[in-house]
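Heads up, the thing below is written out as structure tokens.
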Amino acid sequence: MKTAEDILAEGAFRLIMITPDTTIHDAVKVMVENKAGSLLVREKDKIVGIWTERDFMRDISTPGFDPKAAHIGDWMKSGFGFVSHSASIYNLLDMFSESEIRHLIVKKNDNYIGLLSAEDVNKVAIVEISKNYKSLFDHVGCGVYISSKGGRFLDANPTLLNMLGYENKKEFLEIDLARDLYLRPEDRKKFQTLIEQDSQVINYEVDFKRKDQSIIPVLLTAHVRYDHHGNVLGYEGICVDQSHARKMEEDYKRLFEHVGCGVYISKKEGKFLNANQALLNMLGYGSKEELYKIDIEKDLYFRPGDRRKFQEMVEREGRVINYEVDFKHKDGRKIPVLLTAHVNYDQYGNVLGYEGINVDQSQKKKMEQELREAHDFLNEIIQSSPNAIIATDLNGKIIIWNRVAEETLGYKAGDVIGKMNIEKIYSEGMANKVMQMVRSRQYGGVGMLRGYPMVYVRQDGRIVEGNISAALIYDANGKEMAYVGIFVDLEERLNMERELRQTQEQLLQSEKLAAMGRLTSQIAHELNNPLYGIMNTLELMKTEISPQNKRRKILDMALSETVRLAEMLRKMLSFSKPDEEKRQVTDINTLIDEILLLHEKQLRENSIKIRSSFAEGMGKVYASKNQLRQVFLNIVANARDAMPEGGTLSVETKIVGGKVNVLMSDTGIGIRPENLHKIFDAFFTTKDKVKGVGLGLSVCYGFIKDHGGDIKVESKYGSGTTFTIILPVYEAGDNEP
């Protein structure tokens, strides 16, 4: 297809530039010298207008117009546009037709290469379209002709010659249409009567003769050619070879009669117009005539309402595909069928009826029912098993997950089947190890794993222990297709065994601690007497040395350290035999504030910030100060140990439900979910053996319970821990001796 650049290359469309101050007289002179019909007006580097020969002819008739005095800038037109050099001739025609623009400046790589007018483009377009029409006439895929009324061809394209077996166009134009072309000469007269009556014929079916006298069915579409008086000159139109279509029609008829499913054509009103033998056999009718008599809605559909439903669907969508419905056999029994059909319309779009196919589903439905029953029975066996049964494909994607698996591992079947990989319920790398063991000979033979100890991870993160037995499943060809495993949950038994061992260890530890307590008590008593003697001696020496003396400071230091040693001995005695300290009315806010003040320096050295929020006007508690102090000190120490890299210790007091609540939170490592319920057990610790024996929180829990309170803990592993100490508010007369 020609472009703007192609049009420029075919003619003298040079760009001639002038300035706005050029006179009309000089502009005409330039046009004559260059044989140009148009001039571009440029001011500096910008095109500001265009002036043409047509403009000059218009302007010269203007009264008072003086070509030598008038300047182009006053008479030029601004009605021009720009176009790419690659624009097609049809793009150019569109631009001229859709605007008032009469000239286009052609650009290529930011340079102006020529000027095109609407007249220039129209001339080229006429030639181009004529060539295209001739090309279409010669190369179109159907026969095109022009004929006279008297019965001779005036012109014909190569396709028509080939269709009718003529090699020479001259020979073809000499044949008599009625005698040499029409198989039945009277069809020529019939054609003329029809076409001259309506001025045209569309899809007129007729049989022609080839040059070799073989028959060729064609579809003829044509219109009349008239002279300027309205007299018929002849006809022109197209001929479409129907040989292939007719063969297809014969093939279709053969297929219609012999296909294995029921094929039909029916009226909208509910009567069959045609049906093949397969449909007769399916429905039990002996002949087509017998079938044509039945009422489709009443006699064919098992539920008459399904006929109306089918009609609504097919008329709404134009077709239905694989519509499941039940038909009635002639003897009254039900036949499940799969119905595929579409609508037949008339030329005005009105529904005439329907045609389609019916596939008998009786055998398929029977097999599906048997398979469903077998599947349900097998599934019930799997679901009723007292142990967890899990199956996966070869990639580990879960395909079976029974009820006990739901209970044991916490995942619902709908959340895992086809969605989750078995790796998620094993510890890291264990899934692949199990698959390897199943294939190994040493765990029960190839394709089998018997009674292997296994640990699973529940949805809530809790560990489940037990035994697994697994096997490979093979298809009929011996190819691996899946894994199946049965997991026996031994958690209760293993917990009992662990609790028994733990109790034994605690008893042993208790005996050790009891012996240590007795030894500690003896040592403390033995050391107390000489220690108090030293303290008394140091006190006497203080009276003899002036406070201003440098030695007095050394003496005070010695006395302070001796007192500290005595306090340590007192605590050792308290551990072996706890104090029964007298309880008193205590301000919790004051007590906690003193503890935080005492430990502020130590916590700051560990990069731990303290945030406190004490409720005002909060009631007091009736308690042992030392025991409460020991509780809070223990929790602060635990918080410090939980934040080795630093963090924040938050302390808050408030009244909830008439009771004092103390919330102590850290941003440390937190407590693992599996340890959360054990932290108040005696001798349980997550610290190194060097740091503790697991008595701290157990003792604290005992103190708070003894005060009629409670301790609660909340923790998220990796995010921190919050202890809540709950104590009853003191009221006058409560708990006093």
Practice problem: Mind scanning K397/K424; K267/K288; K2/K29 and naming the pairs with a C-alpha gap bigger than 22 Å? | Solution: K2/K29
Practice problem: Quick one: of K107/K134; K68/K123; K44/K107; K190/K268; K328/K365; K271/K330, which pairs are farther than 26 Å apart, Cα to Cα? | Solution: K107/K134; K68/K123; K190/K268
Quiz item: What percent do you get for the relative contact order of segment 1-103 when only Cα pairs under 8 Å and 6+ apart count?
Solution: 34
Self-check item: Cα-only Debye scattering, segment 250-396: base-10 log of I(q)/I(0) at q = 0.14 Å⁻¹
Solution: -0.72
Self-check item: Cα long-axis angle, helix 362-384 against the chain (0 to 90 degrees, to the nearest 10)
Solution: 10
Quiz item: Going 7 Å from the Cα of E119 toward and past its Cβ, which residues in segment 45-88 have a backbone nitrogen under 13 Å from where you end up?
Solution: 52-58
Practice problem: Under 20 Å from a label point 7 Å along Cα→Cβ of K365: give me every residue in segment 321-351 with its amide N that close. | Solution: 321-341
Self-check item: Sites Q436 and L378 - FRET efficiency at Förster radius 45 Å, r taken between beta-carbons, to 0.05
Solution: 0.95
Exercise. Let me have the relative contact order for the chain, percent, based on Cα pairs under 8 Å that are six or more residues apart.
Key: 4
Exercise. Counting helices only, and only those DSSP H runs with n ≥ 4, report the 222 nm mean residue ellipticity of the chain as the sum of -39,500 (n - 2.57) divided by its residues, in deg cm²/dmol to the nearest 500.
Key: -13000 deg cm²/dmol
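Can you give the FRET efficiency for A9 and K190, using 1/(1 + (r/R0)^6), R0 = 56 Å, r = Cβ-Cβ distance, to the nearest 0.05?
0.55
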Exercise. Report the FRET efficiency, 1/(1 + (r/R0)^6), for T590 and K659, where r is their Cβ-Cβ distance and R0 is 25 Å, rounded to 0.05.
Key: 0.85
Self-check item: Between helix 625-642 and the chain: long-axis angle, C-alpha atoms, 0 to 90°, nearest 10
Solution: 40
Practice problem: Work out, step by step, the length gained on full extension between K46 and R498: first 0.36 nm times the residue separation, then minus their alpha carbon distance; give nm to one decimal. | Solution: 153.1 nm
Practice problem: Take every DSSP beta bridge with both residues inside segment 1-100 and express the antiparallel ones as a percent of the total, to the nearest 5. | Solution: 80
Quiz item: What size of dipole, in debye to the nearest 20, comes out for segment 608-672 about its Cα centre when the only charges are +1 on Lys and Arg C-beta atoms and -1 on Asp and Glu C-beta atoms?
Solution: 220
Quiz prompt | Rounded if a/c under 1.5, otherwise prolate or oblate - segment 340-409, Cα gyration tensor axes | solution = prolate
Practice problem: Return the distance in nm (one decimal) between the two label points of a simple spin-label model at I417 and L538, each offset 7 Å from Cα along Cα→Cβ. | Solution: 7.9
Self-check item: segment 381-441: relative contact order in percent, alpha carbon pairs under 8 Å with at least 6 residues between
Solution: 25
Quiz item: Summing +1 for each Lys or Arg and -1 for each Asp or Glu, what net charge is found among the other residues whose Cβ lies under 14 Å from the Cβ of K247?
Solution: -1
Quiz prompt | Normalised alpha carbon radius of gyration of the chain [divisor 2.2 N^0.38 Å] | solution = 1.98
Quiz item: Where the centroid of each part is defined by its Cα atoms, how far is segment 260-316 from segment 589-623 in Å?
Solution: 91
Practice problem: Obtain the nm distance between the two label points defined at D393 and Q602 by a simple spin-label model: each point lies 7 Å from its Cα along the Cα-to-C-beta direction. | Solution: 6.0
Quiz item: Relative to the first principal axis of the alpha-carbon coordinates of the chain, what is the inclination of helix 550-576, with its axis defined by its Cα atoms, in degrees from 0 to 90 and to the nearest 10?
Solution: 80
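Leaving ligands, DNA and RNA out of it, report the carbon-plus-sulfur percent of the accessible area of segment 1-153 at a 1.4 Å probe. Spell out each step's value before the answer.
Values: 4720 of 8860 Å².
Exposed carbon and sulfur together represent 53 percent of the surface.
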Quiz item: For D176, what accessible area in Å² do you get when you roll a 1.4 Å probe over the heavy atoms of the protein chains, rounding to the nearest 10?
Solution: 40
Quiz item: How much length is gained on full extension from K253 to N162, taking 0.36 nm per residue of separation minus their Cα-Cα distance?
Solution: 29.8 nm
Exercise. Quote to one decimal, in nm, the extra length available between N549 and D176 on full extension: 0.36 nm per residue of separation minus the C-alpha distance between them.
Key: 118.9 nm
Practice problem: Identify the GluC sites (Glu not before Pro) of segment 192-271 meeting these criteria: DSSP loop state and at most 10 other C-beta atoms within 10 Å of the C-beta. | Solution: E269
Practice problem: Provide Rg over Rh for segment 6-83; use the alpha carbon set for both Rg and the Kirkwood Rh (inverse mean inverse pair distance). | Solution: 0.97
Quiz item: So, in nm, how far is label T340 from label S560 when the simple model puts each one 7 Å beyond its Cα toward the Cβ?
Solution: 10.0
Practice problem: Heavy atoms only, probe 1.4 angstrom, no DNA, RNA or ligands counted: give me E539, E406, E312 ranked by accessible area, highest first. | Solution: E312, E539, E406
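The values are calculated or read from the model by the stated rules, or taken from the named source; none is laboratory data. Quantities reported herein were computed from a predicted structural model and do not represent experimental measurements. Using ideal geometry, Cβ is built from the backbone for each residue, glycine included, and neighbour counts are taken over all protein chains shown. When the accessible area is computed, the model is the full protein with side chains, heavy atoms only, and any ligands, DNA or RNA have been set aside. Shrake-Rupley method; radii C 1.70, N 1.55, O 1.52, S 1.80 Å.
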